[in-house]
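Step one of this worksheet: look at the structure below.
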Amino acid sequence: MSTIKNILKKLSENSTESTPQEWQTLLEISDPQEMQSLYDAAYALKLDTVGSNVYFRGIVEMSNICTKDCYYCGIRNSNSNVERYDMSEDEIVREALWAHENQYGSIVLQSGERQDANFTDKITKILKRIKEESNGELGITISLGEQTEEVYRTWFEAGAHRYLLRVETTNPELYGTLHPESHDFQTRINCLDILRKAGYQVGTGVMIGLPGQTTADLAQDVKFFRDKDIDMIGMGPYIVHSETPLAEKAETINDEEQLNMGLKMIAVTRLVLRDVNIAATTALQALNPTGREMGLQAGANIIMPNLTDTSYRKGYQLYEGKPCLDENSTMCRGCLKGRVASIGETIGLDQWGDSPHFIKRNEKHQN
Ligand code: SF4
C-alpha cells in the first residue's frame with residue numbers, strides 16, 4: 001500500500017496515532033489522484049462525524065476602523081486609501097434580524113480591532129438587542145480580536161456564545177514577519193485560553209500559503225488546533241492586497257497552488273480534528289468561482305454568507321478580489337442555496353449548528 005494510502009487509512013480509523021510528519025506528507029501531495037483521495041477520505045469522515053448539513057453564519061462586517069497594523073491586511077490602520085465606516089447599532093441589529101427571518105440560524109459579527117469603551121459598550125448593547133429581538137433564537141458568533149477577560153465575559157453574558165480569533169500562524173517567528181512588534185504573539189494565544197474559560201465555543205485559524213511559510217509550519221498549525229482543543233476552524237488561503245507591506249514579498253504566489261493548499265489544509269484538519277466545525281471561507285471562492293463548494297467537498301461544513309449592506313462592502317477588503325461585493329443578502333442566500341444543493345448537501349436552516357466537538361466536551365464535564 002502506498003504511503004499516502006497508509007496515512008489516510010490510519011487517520012480514517014484513529015487519528016491519535018498519526019503524526020505531524022504524516023500530515024505534512026499529505027500537505028505536500030501534488031498528484032491530482034492522490035489529492036482527490038485525500039479529499040474523499042476527509043469527506044467520508046465529515047459525513048460520519050458532523051453529517052452533510054451545511055450551517056450558515058451570516059456575517060456582518062460592522063466597521064473597517066482598526067487600531068492594528070497587520071502587514072497583510074487591506075484595512076490596516078496605516079492604509080490611508082481606505083474610506084472608513086462604522087455601522088450604527090440599528091443597522092447592525094436590522095441585518096441580524098434579516099438573517100433570523102431568513103432562517104440562517106446564526107450570525108457572525110466582525111470588525112476591525114478596537115478596545116475603547118465606546119466600542120465595547122456598543123457591542124454589548126447590540127448583543128443584548130439581537131438576543132432579545134430574535135427571542136434568543138439566533139446564534140451569535142463574534143470575531144472582534146483581542147480584548148480583556150472582563151470584556152470577553154461581558155459579551156458572553158450579553159448573548160454571544162462563539163468567538164473566532166484567528167492567530168494567522170502558530171509559528172512565532174513567522175508571526176513576527178506579519179505584524180509590527182507591538183502585536184504580541186503570546187497575547188493572542190493567551191486570549192484563546194481566556195475565551196475558553198469564559199465559556200465560549202472557541203474558533204481559530206491561520207492563513208495558508210504565506211510568504212516564508214512551510215508545510216511543516218502548517219502541520220504544526222493543525223497540531224496546535226488539536227492541542228488547544230479548538231472547536232471551530234476558520235482558515236483560508238492568503239490573498240495579496242497590493243496596498244500592504246507584505247505584498248512585495250508575495251510576488252511569486254500562484255492562485256492554483258494557494259487554492260490546493262487551502263483545500264488540503266481543510267482535509268487534513270478534518271481528518272485530524274474529526275468533529276469540529278470548519279468553514280469554507282470566501283477566500284477559496286476568490287481563487288475559484290466554485291472554491292467554497294470545493295471546500296465543503298474537502299471536509300468543511302460551515303459557510304459564512306455576507307449580510308453586510310452592499311454600500312459598505314467595498315470598504316471591507318482585507319484582501320483584493322473578494323467576491324460578491326455587489327450582491328445583496330437576498331441574492332447571496334439564493335446563490336448559496338443553489339451551490340450547496342449542487343453538491344448534494346442540505347442547509348441546516350434555523351439551527352445553530354454548534355460544533356459537535358464542543359457539545360461532547362461539555363457533556364463529558366457535566367457527567
Ligand atoms: S487583520 Fe484584523 S486586526 Fe489586523 S489590521 Fe486587519 S482588521 Fe485589523
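The values are calculated or read from the model by the stated rules, or taken from the named source; none is laboratory data. It should be emphasised that the depicted structure is a prediction, and the values quoted were computed from it without experimental measurement. Glycine gets a Cβ as well: all are built from the backbone with ideal geometry, and neighbour counts include every protein chain shown. Note: areas computed on protein heavy atoms with side chains; ligands, DNA, RNA excluded. Shrake-Rupley method; radii C 1.70, N 1.55, O 1.52, S 1.80 Å.
Tabulated data for the structure shown
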| item | result |
| --- | --- |
| Test for R114: is it in a helix (DSSP H, G or I) and either open to solvent by 50 Å² or more (accessible area, probe 1.4 Å) or among the basic types (K, R) (or both) | no |
| Pair list, Cβ < 6 Å and 6+ apart or interchain, from region 184-213 residues that are closer than 30 Å to A247 by Cβ and of a type in the set (A, V, I, L, M, F, W, C) to residues that are open to solvent by 10 Å² or more (accessible area, probe 1.4 Å) and in a helix (DSSP H, G or I) | F185/P172; I208/M261 |
| Within region 120-223, helices (runs of 4 or more DSSP H) holding 1 or more residues that are over 22 Å from M87 (Cα atoms), in contact with a helix residue (DSSP H, G or I) (Cβ under 7 Å, 6 or more places away or on another chain) and open to solvent by less than 40 Å² (accessible area, probe 1.4 Å) | 172-178, 185-198 |
| Qualifying position, being surrounded by 16 or more Cβ atoms within 10 Å (Cβ to Cβ) and part of a loop (DSSP other than H, G, I, E, B), among I59, I65 | I65 |
| Filter pass, N254 being in contact with a Leu (Cβ under 7 Å, 6 or more places away or on another chain) and open to solvent by 10 Å² or more (accessible area, probe 1.4 Å) | no |
| Condition met for I29 (within 16 Å of the ligand (Cβ to nearest atom) and either in contact (Cβ under 8 Å) with a residue 60 or more places away in the chain or not acidic (D, E) (or both)) | no |
| Flag for C66 being among the hydrophobic types (A, V, I, L, M, F, W, C) and under 25 Å from E257 (Cβ atoms) | no |
| Matching helices (runs of 4 or more DSSP H) fully within region 295-367 where at least 3 residues are open to solvent by less than 30 Å² (accessible area, probe 1.4 Å) and modelled with pLDDT under 85 | 329-342 |
| Matching residues, region 26-53, being hydroxyl-bearing (S, T, Y), surrounded by 13 or more Cβ atoms within 10 Å (Cβ to Cβ) and over 24 Å from the mean Cα position of the chain (by Cα) | S37 |
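Residue by residue, here is whether (1) in contact with an Asp or Glu (Cβ under 9 Å, 6 or more places away or on another chain); (2) within 14 Å of the ligand (Cβ to nearest atom) holds:
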{"position": "D86", "(1), (2)": "no, yes"}
{"position": "E91", "(1), (2)": "yes, no"}
{"position": "A96", "(1), (2)": "yes, no"}
{"position": "A99", "(1), (2)": "no, no"}
{"position": "Y104", "(1), (2)": "yes, no"}
{"position": "D121", "(1), (2)": "no, no"}
{"position": "K125", "(1), (2)": "yes, no"}
